[in-house]
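Accompanying notes for the structure given below.
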Amino acid sequence: MNPFFLALRELQYRWKSGLVFVLVVASVTGALAYFSVNDTSFQKEIGRNVRDLGSNVVILPAKVDQYSYHLEGGYSDITMAENLVSQLIEHRASLNHLIPMLERRAMCSTGDRQSLGRVVGLSASIAMPDRPKAPMQRSIPSGELQLGSALARELGVDRDAKAKVTIAGEVFKVQRVNRDSGTWQDSAAFIDLQSAQKIFELPEQISRIEAIECTSEQCEASGLQSAVILNNEIAKITDEASFLRKEEMAQARLSVRSVSRDNFLMLQNVLWVFLGFTVLGLALLNSLSRKSEIGILQAVGYGRYRIAGLFLVRSLLLSGVGAATGVTVGMLVSIEQANSLFVMTGQKSSLDWTVAMTIGAVAFLLAVLGGCVPAMWAAGENPADLIGRDS
Amino acid sequence: MSNPASLLVVNDLGHMFSNRGREVRVFEKCSFELAPTQFVAVQGASGSGKTTLLLACGGMLAPSFGEVHFQGNNLFNLPHSQRTKIRAVSIGYLFQTLELVPYLNLTSNVKIATGVSSVVANQWLDRLGLGARCQSYPSELSHGQRQRVALARAIAHRPALVIADEPTGNLDNQNSELVFSVLKEYAQDGGAVLMATHEAQTAPFADCIIDIENLELLKAKAR
């Protein structure tokens, strides 16, 4: 008689035990799928939050005296060639979101009011070609300007007013007045980089490059510290630049991600172990309750492989249904919840078919392997020891 | 020397097991032969080793001593797969505990024996008075009816040897008579039957009776 038919009839007969098996596999795969999608969304959200804190690496001209730079509140008149940006990209430096800037202290005026401000020309953030990201800084249209809140107050520009500000004889339309940031940016005016290079007559020159480091993978692989990796990379590219690493921000960025990843890994391992043992236990219970039946089948000439096949077909059917159900439900629930849990990036959550297939396949294999142990036990027993001995 | 016509040859068979460190011998030096068309009954009190002897003869329990030759093969010198194949084709086993597969209907329960079609299974069920219950499940049957299904499964694939372990235990007289007569008829048709029993009722049906406790032949000479 066909083992598939026998397994189906057995499942029909012991549907409660089959249901428990499916529920266990579905619960664990569902939880894994849920936390997997959830973790990806969480990483995105955290990444966005941390990114919004600002850059954690500043590349300055080598000639800048860092003591004076800090004494001036992070400002220097010394410039370097703008093509360092393309060199960094060409050498795939461990950086992303590069924002080249040129800044000068200059008089800003509107109507009858004027004030000294920090005028910063900047470009949109540039992502490394192999690390595409949503832009951290969008470009400011030529001829327009964003005003820091304190400078706007000095110049008497309201948030909603369509004012114009003149800098070095060039007129800029106020695009927006920024909210208070509590930093030097409140006394700055932001324009596009090319306009700044033009009005300050410093073509293809920049004061600094702000960026976010991406050294965590290399740190893990090489055991080197981030600062060492960046130093080596920049030294290979140019001797006209040095870098500042905003240590606490960089560490916070690394640790918040690794804590989240480690947390998920631990949860994942616990769930896999739970699934393995539970499936093994359920399959064992099933085979213990079928001792007589196994004895009968052996007595009528069912070989070891056919007996093992019965249990394997059972595990295959149940784990397949359980894994498919769990992964589908887990993912859908996770995506549904992501919208409410993750304010900034939740909308971008989507089904990750690779994760779904991986979890489904691993759960399926684990459940089948868990079913294999009692199957092999059942097949290896002597029929005389089984007849009339259901547990 | 064994008779070349013998289907089953049992030589100096003995079995023992350990119970709380104590060695218990259930029977020893048991020898007999069984030829096609023979109906042999093994008698003895409970615990005398009848079931153990039958399991050994069916290739399901390796004895502690002696040999079991079936169709010329020493059963316990054969690999497991070979013994399984012999059981599938040439031996029908009727258990004392009425073992049926609970989730299969009566036809399917008979069909799990090798090579039995639905038609043949239903014919046997009909022959045993269960023709109208083919689609029923074991839980819906009485003890006697279940025993008849088990008997149908043991003989439906026309094995050379049917081993029946106290097949009429707990059966009423009518059912017992039916089981004995079907087994007797099977032997007369060319099959061999080896049956364990402790009932005197067997005597008229068996060609010879072996008393396992004294290892003597009560009715006819088996060797």
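Bear in mind that the values in this text are calculations on the coordinates, not laboratory data. Every value quoted in this text rests on a predicted model; they were computed, and no experiment measured them. Positions of Cβ are generated from backbone atoms using ideal geometry, with glycine treated the same way; all protein chains shown enter the neighbour counts.
Count of lysine pairs in chain B with Cα atoms under 20 Å apart, counting only pairs 8 or more residues apart in sequence or on different chains?
Qualifying lysine pairs in chain B: 9.
Would you mind telling me which residue in B:Lys184, B:Lys50, B:Lys29 has the biggest mean-square fluctuation in a Gaussian network model of chain B, where springs connect alpha carbons within a distance under 10 angstrom?
B:Lys29
Could you compute the net charge surrounding B:Tyr186? Neighbours are other residues with a C-beta less than 12 Å from the C-beta of B:Tyr186; K and R count +1, D and E count -1. Mind dumping the intermediate values first?
Working: positive: B:Arg127, B:Arg158, B:Lys184; negative: B:Glu185, B:Asp189.
Here the count lands on +1.
Using only atoms on other chains, find how many Cβ atoms lie within 10 Å of each Cβ of peptide B:82-95 and report the average. Could you put the intermediate results ahead of the total?
Working: counts 0, 3, 10, 2, 1, 7, 6, 1, 1, 3, 2, 7, 1, 7.
Going residue by residue through B:82-95 and averaging, the value is 4.
Could you go through the range A:299-313 in sequence order and give the Karplus-derived ³J(HN,Hα) for each residue, using 6.51 cos²θ - 1.76 cosθ + 1.60 with θ = phi - 60°, rounded to whole Hz, and x for Gly and Pro?
These are the phi-based 3J(HN,Hα) values: 5, 8, x, 6, x, 4, 5, 5, 5, 4, x, 4, 6, 5, 4 Hz.
Run the reach check for A:Lys16 against aspartates and glutamates, Cα to Cα strictly under 19 Å, same-chain hits fewer than 8 apart removed. What comes back?
Leaving aside aspartates and glutamates fewer than 8 places away in the same chain, those within reach of A:Lys16 are A:Glu293, A:Asp390.
Taking the Cβ of A:Gln251 as the center, what net charge do the other residues with Cβ under 12 Å away carry, scoring Lys and Arg +1 and Asp and Glu -1? Walk me through the intermediate numbers first.
Details: positive: A:Arg245, A:Lys246, A:Arg253, A:Arg257; negative: A:Glu213, A:Glu247, A:Glu248.
Neighbourhood net charge equals +1.
Based on the Cβ-Cβ distance from A:Asp385 to B:Glu28, what FRET efficiency comes out when R0 is 25 Å, to the nearest 0.05? Don't skip to the answer; put the middle values down first.
Working: r = 22 Å, r/R0 = 0.86.
So the FRET efficiency works out to roughly 0.70.
Is there a quick way to get the dipole size of chain A? I mean about its Cα centre, with the Cβ of Lys and Arg at +1 and of Asp and Glu at -1; what is the value in debye to the nearest 20?
Working: 37 positive and 38 negative charges, 285 e Å.
It comes to approximately 1380 debye.
Based on the Cβ-Cβ distance from A:Phe5 to A:Thr183, what FRET efficiency comes out when R0 is 60 Å, to the nearest 0.05?
Working: r = 74 Å, r/R0 = 1.23.
For R0 = 60 Å, the calculated efficiency reads 0.20.
Please compute the length gained on full extension between A:Ser255 and A:Leu224, using 0.36 nm multiplied by the number of residues separating them and subtracting their Cα-Cα distance.
9.6 nm is the gain from fully extending A:Ser255 to A:Leu224.
Can you tell me what percent of all Cα-Cα pairs in the range A:57-245 are more than 27 Å apart? Before the final figure, lay out each step's value.
Values: 5570 of 17766 pairs.
Cα-Cα pairs in the range A:57-245 separated by more than 27 Å: 31 percent.
Let a ≥ b ≥ c be the square roots of the eigenvalues of the Cα gyration tensor of the range A:186-301; is it rounded (a/c under 1.5), or, if not, prolate (a/b larger than b/c) or oblate? Mind dumping the intermediate values first?
Details: a/c = 4.61, a/b = 3.80, b/c = 1.21.
In terms of gyration-tensor shape, prolate.
With equal scatterers on the alpha carbons only and no solvent term, can you work out the Debye log10 of I(q)/I(0) for chain B at 0.09, 0.11, 0.15 1/Å?
Taking Cα atoms of chain B as identical point scatterers yields -0.35, -0.52, -0.97.
I want to verify a result. In a Gaussian network model of chain A, Cα cutoff 10 Å, which of these has the top mean-square fluctuation: A:Ala31, A:Ala299, A:Ala62?
Between A:Ala31, A:Ala299, A:Ala62, it is A:Ala299 that shows the largest mean-square fluctuation.
Could you point to the residue in A:Ile212, A:Gln197, A:Ala150 farthest towards the positive end of the range A:103-223's charge dipole, with +1 and -1 charges on the Cβ of Lys/Arg and Asp/Glu respectively?
Value: A:Ala150.
Averaged across A:300-309, how many Cβ atoms of other chains sit within 10 Å of each residue's Cβ atom? Walk me through the numbers before you get to the answer.
Details: counts 16, 16, 5, 7, 3, 1, 1, 1, 0, 0.
If you average over the peptide's residues, the count of other-chain Cβ atoms is 5.
Using a Gaussian network for chain A with springs between C-alpha atoms less than 10 Å apart, which of these wobbles most: A:Leu312, A:Leu19, A:Leu60?
A:Leu19
Nearest 20 debye, what's the magnitude of the dipole of chain B about its Cα centre given +1 on Lys and Arg Cβ and -1 on Asp and Glu Cβ? Mind showing how you got there, number by number?
Details: 19 positive and 19 negative charges, 107 e Å.
With only Lys, Arg, Asp and Glu charged at Cβ, the dipole is about 520 debye.
Suppose only helical runs count, i.e. DSSP H with n ≥ 4. What mean residue ellipticity at 222 nm does that imply for the protein assembly as shown under -39500 (n - 2.57) per run, divided by all residues and rounded to the nearest 500 deg cm²/dmol? Show your work: numbers first, answer last.
Details: 19 runs with 280 residues, N = 614.
Using -39500 (n - 2.57) per qualifying helix, the result is -15000 deg cm²/dmol.
Once the Cα gyration tensor of the protein assembly as shown is diagonalised, what are the square roots of 5 times its eigenvalues, in whole Å and ordered largest first, as equivalent ellipsoid semi-axes? Could the numbers behind the result be given before it?
On the way: eigenvalues 1679, 113, 54 Å².
Sorted largest first and rounded, they come to 92, 24, 16 Å.
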